[in-house]
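Below is one structure, written out as structure tokens; comments come after it.
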Amino acid sequence: SMVNKAKQVLNDPEFYIPMKYDFRGRIYSRVPFISFQSNDAGRYLIRFAKETPIDDRTEHWLKVGISNAGGNDKLCWDKRIQWFDKNRAEIINVGRMVDDGDFTRAYDFLTQDFIDDPFCLAALANEYVKIFVDKIQDYTQCFVCVDASCSGTSIFNSWRQNLSGARMTNLVDTEAPADIYMEVWHEIKRLAPVNSFRPDLIKRLQDSKLIRKMMKEGYVPAQYASPEREQLHRLSLFNKK
């Protein structure tokens, strides 16, 4: 089980996570448990071996991380912070759930449908309480996940410092959630000759979100430099289905 595997490394002063690339350029952990790409519990059993002193951005990022775990990882930063502030009392109680908090109330909060990663939220909430509420700790060893842990588009836009692409993949703050697949569709419509598409068909596909799924089928192999025939093959299979 995850707990038994965690106990085996619990007293190790530090360990490392070997990484690998797949044929598409995606980056993956070679450890199938207890890594930043593991399941919710596997990710947030991890602490950095070296303590990082808190600074004027630590609270911001802990709030963002907690809000992400609450299902808000596609919202702009301000709205993620607003969600945290609105639920701060509940989050503090979660952070204390195994100490002086109300365990039942914390459990009820963490098991709501919109909470994506309850273990992550609990771990970050506990760190937040120790640093900013009880003030018994002046460092952090937690990490905050953002989008794109293995997305080729996001990784390549990061390396290239491409601000335009970064906006399309939620790498930087935007007023509304970004969606690279729909950006592809908007560009196709812009470039296509007039009357290329039947308006009634397009409306049906957009309303059902099939347009987005179709763009994803063609775009995912494209972003990893698959040849055009592979992109067309994927689209063909999707449309037949």
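Miscellaneous remarks
- Per residue, the average separation of C-alpha pairs within less than 8 Å and at least 6 apart gives the stretch 131-241 a relative contact order of 16 percent.
- Sites listed here are chymotrypsin sites (Phe, Trp or Tyr not before Pro) in the stretch 103-161 whose DSSP assignment is loop and whose Cβ has at most 12 other Cβ atoms within 10 Å: Phe114.
- Residue order for Ile188, Ile17 - accessible surface, 1.4 angstrom probe, largest first: Ile188, Ile17
- Ranked by solvent-accessible area (1.4 Å probe, protein heavy atoms only, all chains present), the residues Thr104, Thr174 order from largest to smallest as Thr104, Thr174.
- Cut-off of 10 Å, at most 14 other beta carbons, DSSP loop: longest stretch of the chain lacking such GluC sites (Glu not before Pro): 52-174
- Rounded if a/c under 1.5, otherwise prolate or oblate - the stretch 98-241, Cα gyration tensor axes: prolate
- Considering helices alone, the calculated mean residue ellipticity of the chain at 222 nm is -14500 deg cm²/dmol, with DSSP H runs of length four and up weighted by -39500 (n - 2.57) and normalised per residue.
- Accessible solvent surface per residue of the chain, calculated while the other protein chains remain in place, 1.4 angstrom probe, Å²: 63 Å²
- Length-normalised contact order of the chain in % [C-alpha pairs under 8 Å, at least 6 apart]: 17 percent
- Relative contact order of the stretch 1-78, pairs being alpha-carbon contacts under 8 Å that are 6 or more residues apart, as %: 17 percent
- The Cα center of the stretch 161-186 and the Cα center of the stretch 99-118 differ in position by 32 Å.
- Only protein atoms count toward the accessible area here, which uses a 1.4 Å probe; on the chain, the carbon and sulfur part of that area reaches 53 percent.
The values are calculated or read from the model by the stated rules, or taken from the named source; none is laboratory data. Computed from a prediction, not measured in an experiment: that's the story for all the values here. All Cβ positions, even for glycine, are placed from backbone atoms using ideal geometry, and neighbour counts span all protein chains on display. Ligands, DNA and RNA are stripped out before the accessible areas are found, and what is left, the full protein with its side chains, is counted by its heavy atoms. Shrake-Rupley method; radii C 1.70, N 1.55, O 1.52, S 1.80 Å.
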